[in-house]
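A quick write-up on the structure given underneath.
The values are calculated or read from the model by the stated rules, or taken from the named source; none is laboratory data. Values in this document were obtained by computation on a predicted structure and should not be read as measured data. When we count neighbours, we look across all protein chains shown, and the Cβ atoms used for this are built from the backbone with ideal geometry, even at glycine. Heads up: the accessible areas ignore ligands, DNA and RNA and are worked out on the full protein's heavy atoms, side chains in. Shrake-Rupley method; radii C 1.70, N 1.55, O 1.52, S 1.80 Å.
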Amino acid sequence: QVQLVESGGGLVQPGGSLRLSCAASGSIFEINTMAWYLQAPGKERELVAAITSGGHTNYADSVKGRFNISRDNAKNTMYLQMNSLKPEDTAVYYCNADIRAISRARINSWGQGTQVTVSS
């Protein structure tokens, strides 16, 4: 019924920038909170940043001042602008969204994950 499609991951040098995108599609009535999570090797999945439908944001301490989360409600798309990237940012990044379907059912949806590798 609902799918999240991620793009923008890849290999980048330390200090570089990358922009991740997450596009939601399907029988969507509205999308409430959208968020990015990361999972590093051997670690639990962690919240990176979240944004509400009204644009309110919150960030993990480790990315404050470097990452910026945004969304385009008309396109049902969320972005994560990643600047001043560090090797410690290397992880699989996952898109998550709280969605109300046209049927009015509530759906919590995950993307497939996209690999971000920060290395020389």
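Suppose the chain between S17 and N83 were pulled fully straight at 0.36 nm per residue; how much longer would it get relative to their current alpha carbon spacing? Show your work: numbers first, answer last.
Working: separation 66, 0.36 × 66 = 23.76 nm, distance 0.44 nm.
Using 0.36 nm per residue and subtracting the Cα-Cα distance, I get 23.3 nm.
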**Report entry** Per-selection metrics, the stretch 1-56 (Cα): Rg and Dmax in Å
**Finding:** 13.8, 40
Requested in this report: Give the relative contact order (percent, whole number) for the chain; include only Cα pairs under 8 Å separated by 6+ residues.
Outcome: 36 percent
Report summary line: Surrounding charge for D98, neighbours by C-beta under 15 angstrom, Lys/Arg +1, Asp/Glu -1, total +3
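Starting from the Cα gyration tensor of the stretch 18-82, multiply each eigenvalue by 5, take the square root, and state the resulting semi-axes largest first in whole Å. Write down the numbers at each step before the final one.
Details: eigenvalues 91, 37, 23 Å².
Computed over the stretch 18-82, the values are 21, 14, 11 Å.
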Query raised in the report: Top to bottom by accessible area (1.4 Å), largest first, where do R19, R71 land?
Result: R19, R71
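What translational diffusion coefficient, in µm²/s and rounded to a whole number, does the Stokes-Einstein relation yield for the stretch 54-118 at 25 °C and a viscosity of 0.890 mPa s, taking the hydrodynamic radius as the Kirkwood radius over Cα pairs? Could you put the intermediate results ahead of the total?
Working: Rh = 13.7 Å.
Estimated via Stokes-Einstein, D reaches 179 µm²/s.
Excluding G10 itself, what net charge comes from residues whose Cβ is under 14 Å from its Cβ, given Lys and Arg +1 and Asp and Glu -1?
Values: positive: R19; negative: E6, D89.
With Lys, Arg at +1 and Asp, Glu at -1, the net is -1.
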Query raised in the report: For the stretch 76-88, in order, what is each residue's ³J(HN,Hα) by Karplus, 6.51 cos²θ - 1.76 cosθ + 1.60 with θ = phi - 60°, in whole Hz (x at glycine and Pro)?
Result: 6, 10, 10, 10, 10, 7, 10, 10, 6, 5, 10, x, 5
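Once the mean 1/r over all distinct Cα pairs of the chain is inverted, what Kirkwood radius in angstroms do you read off?
Working: mean 1/r = 0.0694 Å⁻¹.
Taking every pair of different Cα atoms in the chain, averaging 1/r and inverting gives 14.4 Å.
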Query raised in the report: In what order, largest first, do F29, F67 sit by accessible area if the probe radius is 1.4 Å?
Result: F29, F67
Requested in this report: Would you check the accessible area of E46, probe 1.4 Å, heavy atoms only, in square angstrom rounded to 10?
Outcome: 100 Å²
Requested in this report: Within the set of other residues whose C-beta is less than 15 Å from the C-beta of V116, count the net charge using Lys and Arg as +1 and Asp and Glu as -1.
Outcome: +1
